[in-house]
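Engineer: Structure provided below as structure tokens; questions to follow.
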Amino acid sequence: MFSEPIETARASYNWKRGRQLLLSLIALSFALTIHPSKAHAQIIGNLEANIPFQFHAGDAKLPAGKYFIHALNNSDLSMMEITSADGSISALFEVHNTEANSAPAKSELIFNKYGNRYFLAKLFDEANPDGSTVDESHYEKTVSQANVEAQTHVPALHHGQPGN
């Protein structure tokens with residue numbers, strides 16, 4: 001006699017709870033759809049740069065010269081490789097996403113300069129404000145504490161494009 005109203009109330013409660021859950025899932029799906037996720041910064045293909053000074057990339061010290069830089073496959077875009085044009089020198093370095101104040105007019109490498117030491121700091125692809133920041137090495141942290149920082153920009157091209 002009293003069990004019917006209890007069962008009806010329980011069924012009504014379960015239906016309302018299921019409906020709320022469904023509406024919450026729909027709202028969450030909609031929110032994720034309209035809020036674009038930040039894409040990983042990446043350099044498409046090989047960047048090519050003539051670097052006119054000795055520099056550091058990650059933990060490696062490299063001589064002046066022509067270099068190719070690219071993201072390593074299967075590294076979740078967090079590891080890049082720099083290789084001399086003749087293939088005799090190569091180094092790996094870790095990067096993370098960064099954003100420029102405005103999209104650069106040309107692809108470029110940005111170096112931090114402390115005294116007469118240069119450290120590869122950022123990489124940007126032409127017309128894309130999303131780029132990569134090179135993780136500071138222990139050596140750069142030590143040098144930067146003792147010196148005033150400046151930045152030097154070096155233009156880069158995509159390997160194989162006209163003008164190379």
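Read-outs throughout are calculated quantities, based only on the coordinates presented, and are distinct from any laboratory measurement. Given the structure is predicted, the values throughout are model-derived calculations rather than measurements. Note that each Cβ is placed from the backbone with ideal geometry, even for glycine, and that neighbours are counted across all protein chains shown.
Engineer: For a quick check: sort His138, His153 by the number of other beta carbons within 10 angstrom, fewest at the front. Please list the in-between numbers first.
Structural biologist: Values: His138 8, His153 13.
So the residues, fewest neighbours to most, are His138, His153.
Engineer: If you plug each phi of region 57-68 into the Karplus form 6.51 cos²θ - 1.76 cosθ + 1.60 with θ = phi - 60°, what whole-Hz ³J(HN,Hα) values come out, in order, with x for Gly and Pro?
Structural biologist: 10, x, 8, 9, 9, 10, x, 4, x, 8, 9, 10
Engineer: Would you mind getting the Kirkwood hydrodynamic radius of region 47-158 from its Cα pairs, rounded to one decimal in Å? Numbers along the way, then the final one.
Structural biologist: Working: mean 1/r = 0.0711 Å⁻¹.
Averaging 1/r across every pair of different Cα atoms and inverting gives 14.1 Å.
Engineer: Within 10 Å of each residue's Cβ, count the other Cβ atoms and sort Asp125, Asp130, Asp86 from fewest upward.
Structural biologist: On the way: Asp125 22, Asp130 16, Asp86 8.
Fewest-to-most Cβ neighbours within 10 Å comes out as Asp86, Asp130, Asp125.
Engineer: Shifting gears a bit: Quick one: which residues, 5 or more positions from Ile51 or on another chain, have an amide H under 5 Å from its amide H? H modelled 1.01 Å from N in the peptide plane, none for Pro or chain starts.
Structural biologist: Gly65, Lys66, Tyr67
Engineer: Then there's this: Going by how many other Cβ atoms sit within 10 Å of their own, how do Val154, Val148 line up, fewest first? Spell out each step's value before the answer.
Structural biologist: Numbers: Val154 18, Val148 8.
Exposure proxy ranking, most exposed first: Val148, Val154.
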